[in-house]
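**Q** Got a structure for you, written out below as structure tokens; questions coming shortly.
The values are calculated or read from the model by the stated rules, or taken from the named source; none is laboratory data. All figures in this text were calculated on a predicted structure; none of them were measured in a lab. Neighbour counts run over all protein chains shown; Cβ positions are idealised from the backbone, glycine included.
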Amino acid sequence: MKEQNKKNLPPKTPSLPKVAGMNQHRTEKGMKEEELRKKLADLEESLRVIRFKGQGSKSKNVKEVATIKKQIARVLTEINRKK
């Protein structure tokens, strides 16, 4: 009976992708300073875009600005740690 139940079950769904920022600081420790500065510039640009985009309408992801600010702080911490 158990064998029949296993055959009728749908296949397992793949795990959901991780949210941006989760466990990302671990990869930043292995980056070179040039890469960190490039990532910092990208994060600051995305923060600027989100702020201007949010001027006219409500954002779907309310925590997006806070998450990017935390990522910027992590990158700056790594840059200062390498000095």
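**Q** If you take the residues in segment 24-83 that are hydroxyl-bearing (Ser, Thr, Tyr) and surrounded by 12 or more Cβ atoms within 10 Å (Cβ to Cβ), which one is nearest to the chain's Cα centre (by Cα)? Give the derivation first.
**A** Taking segment 24-83 and keeping what is hydroxyl-bearing (Ser, Thr, Tyr), we get 27, 46, 57, 59, 67, 77.
Remaining after also requiring surrounded by 12 or more Cβ atoms within 10 Å (Cβ to Cβ): 46, 59, 67, 77.
Values: 46: 12, 59: 17, 67: 8, 77: 17 Å.
Per the stated criteria, the residue is 67.
**Q** Now for a different question. If you take the residues of segment 14-56 that are modelled with pLDDT under 85 and touching a helix residue (DSSP H, G or I) at 6+ places or on another chain (Cβ under 6 Å), which of them is farthest from residue 75 (Cα to Cα)?
**A** Restricting to residues being modelled with pLDDT under 85 and touching a helix residue (DSSP H, G or I) at 6+ places or on another chain (Cβ under 6 Å), the top hit is 21.
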